[in-house]
Structure formats: C-alpha cells, structure tokens
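Working notes, beginning with the structure itself.
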Amino acid sequence: MRASLVGTAVTLAAGALLTAAMTTASASPPDATAPKADLPRPVLVDCLWHRDVRPADFILACGDGNSRLLGLHWSQWGPNAATAVGVNAVNDCKPYCAAGTFHSYRVTVRLDRPQPWKKDPDVQHYTRMILTYQGARPDGFQQVVTYPLWD
C-alpha cells in the first residue's frame, strides 16, 4: 500500500512540474531570435486581372497573343524580385499576323518593383518585367527589353 502511495505521489508531482513548465513556456514573450513570419509574396497580374505566383506561362501581348512566355522555371520568387528562365514565343507576323510563324527565343525573366495592386491594395504585385535574351532575339529587339506591367 505504501509503495502505491509513493508511486502516486511521484506521478502527481511529475505532472505538476510538467504543467508548470508548459504554462511558463507558453506565457513567456516570443524569442527575439525566432524566425519572423514570411512577408507575403508579390503576385504577377495577367491580362485578365488574375493574380498568379510562379506561372509556367504568361501572355505579354494581351491584345493578340503574339508574344508569350512559355515553360517558365522560377529560381526565385521573393518580396522584392523574381527570376525565371524560359522561352519567349513571338509571332513574326509575316506576311501578316494571322499567317505568321511563332519563333522561340531563350530568355531570362526578372520581375521587380512590387507595389500595392490598385484592384486589391492589400496585395503586392510586380510592376516591371525585364527580359534578357540569351542568344537569338526577335528582329528589332534589344538583348534586354523592359516592360512595365499593368496595374
């Protein structure tokens, strides 16, 4: 009987110590060295005003679709910038766009300059896209082309 009482007392004491330790730990202020919550990642707004993160494809020429980014592989999507590699498929529009041929050009894509989105000011969206052609490029294009992105 005495052994049973001692065992019960030890169990109750251990439970009380565990409860006290957990209560103290949960009531203490957050550790200053603990990682902070991630900032919301900016989005890329497309032609139809849809927001996306790390899209595989993106239409650059919203009116006719004659320039688009395909096969995008994102290496970074952060609070200040995003970077991908892919292909820019561009219609040569020869002899006219409906009869033209699409040609593919390897590009590096960089998004930056996040700003609040007018449609939803709580959402940050990238406002600039920079394409860097890695070799061949469409006629009349510079090696680096900068596009403002719609709001």
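Figures for the structure shown
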read-out: Sites GLN134 and ALA81, calculated FRET efficiency, Cβ-Cβ separation with R0 22 Å, nearest 0.05; value: 0.75
read-out: Sorted by Cβ neighbour density within 10 Å, fewest at the top, the residues VAL85, VAL43; value: VAL85, VAL43
read-out: Nearest-20 debye value, region 44-148 charge dipole, Cβ charges on Lys, Arg, Asp, Glu; value: 180 debye
read-out: Cα-projected label distance for CYS47 with LEU70, points at 7 Å along beta-carbon direction, nm; value: 1.5 nm
read-out: Footprinting exposure proxy for HIS125, HIS103 (fewest neighbouring C-beta atoms within 10 Å first); value: HIS103, HIS125
read-out: Peptide ranges 52-58, 66-72, 96-102 listed from the most packed, as the mean C-beta count within 10 angstrom indicates; value: 66-72, 52-58, 96-102
read-out: Computed label-point distance, nm, for sites GLN115 and GLN143 using a 7 Å Cα→Cβ extension; value: 2.9 nm
read-out: Residues VAL123 and THR101, FRET efficiency given R0 of 30 Å [Cβ-Cβ distance, rounded to 0.05]; value: 0.20
read-out: Spacing of the two label points (7 Å from each Cα toward its C-beta) at ALA61 and CYS93, in nm; value: 0.6 nm
read-out: 18 Å tail of the calculated P(r), region 44-148, as % of Cα pairs; value: 49 percent
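The numbers here are math on the coordinates, done by the rules we state, and not lab data. Please read all numbers here as calculations on a predicted model, not as lab measurements. We place every Cβ from the backbone using ideal geometry, glycine too, and count neighbours over all the protein chains shown.
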